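Everything on this sheet refers to the single structure shown next.
The values are calculated or read from the model by the stated rules, or taken from the named source; none is laboratory data. Here the structure is a predicted model, which is why all the values come from computation and not from measurement. Glycine gets a Cβ as well: all are built from the backbone with ideal geometry, and neighbour counts include every protein chain shown. For the accessible areas, the whole protein counts, side chains as well, though only heavy atoms, and no ligand, DNA or RNA atoms are used. Shrake-Rupley method; radii C 1.70, N 1.55, O 1.52, S 1.80 Å.
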Amino acid sequence: MSDNYLIVLTIGPVQSYISQARRTHDLFQGSSILSYLTAAGVSHAQGAENADVIYPIISPNATDNIPNRIVVRVSDNETSAKAIAADMEKATRKRWKQLSNDVRNKLFFTWVTDSNVQQIITEQWKPQVDTWLECYWVVVPENANYKGSVGYANQMLGARKLLRDFQPIHETGRKDSITGEQSVLHDEQDDVAFWHYIKNAQRNLALLSSSERLSAISVIKRFAHERNVGYEALEIKNRYPSTSSIATASFKYDIFKAILSGAGMKSANLLQTLKNFIRRLLECYHETDKRIQTKRPINPPIDLFFTTDGYFNPEYFPKISALSEVQLSEDKASEDEKYWQTQFMCIDGDYFFEDTLITKTIAEYMPDLAPDPDKNKQEYQKQYDLRIKHLKPKVALAQKALKNMLNHAAEFDILPPQPYLAILAMDGDHMGKTLSSFTDASQHKEFSSTLADFARGPVREIVEDEHLGRLVYAGGDDVLALLSVRHALDVAEKLRIKFANEVKSFKNHKGEAISASTGIVFVHHTHDLQSAIRAAKSAEAFAKNPGGRNALAVKLLPRSGEPREMSGKWQSGDEKIVAKVQALQKWFSNDVLGRNLPQDMGRIAYEMGGGTVPIDATKKEIERVIKRRIAEGTPDSVKIEIVEAIIWLVEQHTDSLQGVQHWVTLARFIAQKEGMR
Amino acid sequence: MTWFSIQAKDVWLFRDGKPFTAGEDNSARSMFPPTPLTVQGALRQKISVSNGLSFSDYRASKNANVDAMIGSYEAQKTQLDTGNFKMAGPFLGVQSAEDTIQPLFPCPADLLFHNPGEKTQPKESFLITKPVTHMVSHDLSYPTERNDSQESLKDLRLLQVYEDYENLPQHWITAKTFLQYLDGLTPDSKVLPDYRNYPRVSEYLDSGHQILPADALYQMENRFGVSTDSATSFREEGMLYQAQFVRPDQDVVLLADVSGTHEDKHVKGQITLGGEQRLATNESVEVEYFPSSPGTISGQFKIVFLTPAYFRKGWLPDVNWSSLFGGEVSLVSAALYRPLKIGGWNSASGKNESGAPRAMHHYVAPGSVYYFKTNETIANPPITITQNPDKIKDAAQIGFGQVSYSTW
């Protein structure tokens, strides 16, 4: 009998749990919770006798960005190996149960204090939590052929996942606003009134909208970070920006830069209009009519991410912070300057758009009215109407102040905030096969360690420190990030280069260099977040197949107009696809290229695509059309560069000219949204 | 039994369980095909209306014959009772250029396709996998706190898997090819060609292709709307919503095999289906290649679910499998797709009998395969294998749990 056994264990649900999100907070916390649970399994294996964790390689107390597949070698008999695997599962389930109990008992039951209602909630809570976590593992013998053994273990885990057993559920009544699957928690009365009460009982008005009703699974995801629950690993150190804040991060960055540039009166005027806008916005939240009674007071000074404590909670974009920190230390900024900067960083992106800076948005974050809407409907409605009546002129003033600020920003060539963001999903190519191709465990561990280092260091640096973005997770080669449109392509290119460099001393199962494929989706900030995440993952899959791996795929989902999907290899020879698109972007934003070029490319794809016309003839036609769309007075050298860039794209897409049209459209889209900064 | 083909005359809306209210939960998603619950409701309503009964007449139980045909309103308050009405399906169907109709079934979960993700031609495009011959230790076979009670699972075997082969969720197989699969033959296709090169599904199939991705059969259409104030007819601030509708290809229909004491002519004609009561027409048709039940089963056999099935322990019944087959059988393995979450709406419950959502349960997804062995020869094995969820009198009678048999 073999002396060594291999355990492969994985937990879930992963993709569905992470993507079930109404706001970015859910997205980040979903990922953090899964990582935290996996850590329990890893931690158990690390402390088990005769067990050696091969993947992932993490420090004993690490809990974040842990991939959800664990490989352990056990130098003992099969019975011991199975017992260790079962205990790893047990440790993971125990941690989930403990977290669930703590969220319920230490937090939810501080809001719901009636013991009868607590009993009712517990009865609803338990089956939801008990049936949620999936954990699969296999144990196989390790023979002299380590590579073959790991390959076999991974295959058997695949087989185990094919036998995807599931527990029964019985979910009655209204379903969870986030998952749409579990029943919402409620007392013996109406769930609407119950969640109305919960919204006001909990600490942070911005953390639960008035329409949201949640199940146990979503309550854990939404509130696990609260200090009362007592989980430091899940606490939110830096506020998660909303989708609109990600979209407007580049605008904030430009405003900061312009004000801190010290451009005399221009900077001073911009600062003044910004302060005025903030003041007008804050005024919206002050109830001036004494007839309006609220359930709890607003404690000035307030931020725009309201909490009962009234403390500032700025959004975290290290690139913007770095900008202001440098300036502050150089200029020895006054408290007043620090104050406006903090306030500015607290403002959600929603407030920079005319269609979301509306009474409904403002009212959402105001304390609830004192009259009970169920028992005294008339009085509640009366006070609500009064609130809206007072709010409307204040919102109009805030909108006017916003316009004024945008006018002054235009003097610095700052474009109005644009409403799109990018979601990036990157995954190493053939990683399963690569991980199964090592001839010994030490090589395997070394590779695991390299992946862990990549996830811990460079990924965050590239996404958050060097660009305007936030990392959702980085589990080895697997990355998900939210990015400003301005930086999405840059980040994609840097990540894949960095990844390839980090793993360059290893080869994949074919003996070739290890590469990564990336999918990016550009979506409007009001786009359903769950479907946006799915689109990013689907773009990533598109980059692999039919993109052929080592490729980039992009989905452009405009709010109106046709969705577009494109893919291309990162590089052909020395030429890089990102560089080509960025060059086109520059020419579009400088008005060197006419905005109708994508339509021309579409016509050519329609008339000359599908192999009906020789490619050389098509190229000639494209060249002719491009030259018509180049602005007069453009130097010949630039004209040649433009033609060469597009012809290069044509050569990469000989089977589908529509792909060329899509890339050109993407370049124009980014140019229109972000200019050339 | 009479086959009916239900063809869309508009886009359809079959919402999942997620709440949907403009300005609150402002995004609705659709599922397709609809569940048996949706289709049986629409057809029973059609029978009621064809017999001259409006919904309020039906509620008032004005015609005892209709009550017997489709189940009385009163009975629905405690559980779904469809009277003499029986239905198999719904299945997807595709009309060929010659106007014949054959069903489409979800690709069986043990039919594996070679997908290396690169533009290389595989030697064998498809494989039908089966349980491995040796035991592999896994979590389900290990007695833990969670599965201690599942003594019968200790010998549960895993399936053989192959590098670069995976099953095809969200893909459909023609009934003709499905019959070959039941005989142990794999589809002829070497590749899954791009359906977008074919203007119609029937043309794709006429070219000899047998596997269709879901995108080829129907498209999801997102439509935006904004709520208006009923008093002023003005749009309301912040009340934008988005609903996802389904647009089936023009050759694609829903098929349901219906029987009972009603007359067929009362099922035909225009019906409304799903959310927003969107239009469809319903015609009786002849269906080709529908698999028939084997006279007997013995030795190593497997069942493939063609419609969703409910079991009280999730993927397992809370009774011995043998009691469902009418002979001694034991479970060897299974290949399962992700479970479906099915709830639905009960028009005869809720406050003031205005209707209320049914409880949502996990159902075994169509295409899932269970492997068994028996030492007996079981005659006339059941064509439906399912249990009844709460408040549904007979799930098999309205289309749940339809199976086909094969050997392994």
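Numbers for the structure displayed
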{"quantity": "Residue match in region A:390-411 (condition: in contact with a strand residue (DSSP E or B) (Cβ under 9 Å, 6 or more places away or on another chain), within 20 Å of A:L282 (Cα to Cα) and surrounded by fewer than 19 Cβ atoms within 10 Å (Cβ to Cβ))", "calculated": "no"}
{"quantity": "Within region B:333-345, considering residues that are farther than 16 Å from B:F400 by Cβ and modelled with pLDDT under 95, the one farthest from the other protein chains (Cβ to nearest Cβ)", "calculated": "B:W345"}
{"quantity": "Whichever residue in region A:152-210 is more than 7 Å from chain B (Cβ to nearest Cβ) and of a type in the set (D, E, K, R) and, among such residues, is most open to solvent (accessible area, probe 1.4 Å)", "calculated": "A:E188"}
{"quantity": "Output for region A:353-375, where each listed residue is in a loop (DSSP other than H, G, I, E, B), within 14 Å of another protein chain (Cβ to nearest Cβ) and aliphatic (A, V, I, L, M)", "calculated": "A:L357, A:I358"}
{"quantity": "Qualifying residue in region A:312-324 (condition: at pLDDT 75 or above, open to solvent by 30 Å² or more (accessible area, probe 1.4 Å) and small (G, A, S))", "calculated": "yes"}
{"quantity": "Complete set of residues in region A:211-227 that are of a type in the set (G, A, S), away from chain B (no Cβ under 14 Å) and part of a loop (DSSP other than H, G, I, E, B)", "calculated": "A:A224"}
{"quantity": "Subset of region A:635-673 [acidic (D, E) and open to solvent by less than 10 Å² (accessible area, probe 1.4 Å)]", "calculated": "none"}
{"quantity": "Matching entry among A:D52, A:D87, A:D76 (being in contact (Cβ under 8 Å) with a residue 24 or more places away in the chain, closer than 30 Å to B:H134 by Cα, open to solvent by 40 Å² or more (accessible area, probe 1.4 Å) and in contact with a His (Cβ under 9 Å, 6 or more places away or on another chain))", "calculated": "A:D87"}
{"quantity": "Only listed residue being under 23 Å from the mean Cα position of the chain (by Cα), open to solvent by less than 10 Å² (accessible area, probe 1.4 Å), more than 13 Å from chain A (Cβ to nearest Cβ) and modelled with pLDDT of 90 or more, chosen from B:F126, B:F105", "calculated": "B:F105"}
{"quantity": "Selection count where residues are away from every other protein chain (no Cβ under 14 Å), open to solvent by 40 Å² or more (accessible area, probe 1.4 Å) and under 13 Å from B:G275 (Cα atoms), scope region B:29-65", "calculated": "1"}
{"quantity": "Within region A:426-469, considering residues that are assigned to a strand (DSSP E or B) and touching a Ser or Thr at 6+ places or on another chain (Cβ under 7 Å), the one surrounded by the most Cβ atoms within 10 Å (Cβ to Cβ)", "calculated": "A:G469"}
{"quantity": "Residue ID - nearest to the other protein chains (Cβ to nearest Cβ), chosen from residues in region A:77-95 that are within 20 Å of A:G12 (Cα to Cα) and hydrophobic (A, V, I, L, M, F, W, C)", "calculated": "A:A86"}
{"quantity": "Selection count where residues are farther than 15 Å from B:S349 by Cα, open to solvent by 40 Å² or more (accessible area, probe 1.4 Å) and touching a helix residue (DSSP H, G or I) at 6+ places or on another chain (Cβ under 9 Å), scope region B:66-88", "calculated": "2"}
{"quantity": "So A:K237, is it part of a helix (DSSP H, G or I) and either touching a helix residue (DSSP H, G or I) at 6+ places or on another chain (Cβ under 7 Å) or surrounded by fewer than 18 Cβ atoms within 10 Å (Cβ to Cβ) (or both)", "calculated": "no"}
{"quantity": "The lone exception for A:V140 - which of (1) within 8 Å of chain B (Cβ to nearest Cβ); (2) closer than 30 Å to B:L340 by Cβ it fails", "calculated": "(2)"}
{"quantity": "Any hit, region B:356-369, residues being open to solvent by less than 20 Å² (accessible area, probe 1.4 Å), aromatic (F, W, Y) and away from every other protein chain (no Cβ under 14 Å)", "calculated": "no"}
{"quantity": "Options B:F290, B:F311: the member that is touching a residue at least 12 places away in the same chain (Cβ under 8 Å) and either over 22 Å from B:Y363 (Cβ atoms) or within 9 Å of another protein chain (Cβ to nearest Cβ) (or both)", "calculated": "B:F311"}
{"quantity": "Condition check for A:Q98: away from chain B (no Cβ under 13 Å), open to solvent by 50 Å² or more (accessible area, probe 1.4 Å), polar (S, T, N, Q) and assigned to a helix (DSSP H, G or I)", "calculated": "yes"}
{"quantity": "Contacts under 7 angstrom Cβ, first residue in region B:52-72 being more than 19 Å from B:I398 (Cα to Cα) and touching a residue at least 40 places away in the same chain (Cβ under 8 Å), partner among the aromatic types (F, W, Y) and in a helix (DSSP H, G or I), 6 or more apart", "calculated": "B:R59/B:Y73"}
{"quantity": "Some residue of region B:248-268 being open to solvent by 40 Å² or more (accessible area, probe 1.4 Å), in contact with a helix residue (DSSP H, G or I) (Cβ under 6 Å, 6 or more places away or on another chain), in a strand (DSSP E or B) and over 30 Å from B:L168 (Cβ atoms)", "calculated": "no"}
{"quantity": "Qualifying residue in region A:103-121 (condition: within 14 Å of another protein chain (Cβ to nearest Cβ), open to solvent by less than 70 Å² (accessible area, probe 1.4 Å), of a type outside the set (D, E, K, R) and not in a helix (DSSP H, G or I))", "calculated": "no"}
{"quantity": "Matching residues, region B:305-321, being over 18 Å from A:F166 (Cβ atoms) and at pLDDT 95 or above", "calculated": "B:L306"}
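Yes or no, residue by residue, for (1) within 10 Å of chain B (Cβ to nearest Cβ); (2) in contact with an Asp or Glu (Cβ under 6 Å, 6 or more places away or on another chain); (3) in a strand (DSSP E or B); (4) buried (at least 23 other Cβ atoms within 10 Å of the Cβ):
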site	(1), (2), (3), (4)
A:K504	no, no, no, no
A:I520	no, no, yes, yes
A:K537	no, no, no, no
A:A541	yes, no, no, no
A:K555	no, yes, yes, yes
A:R559	yes, no, no, no
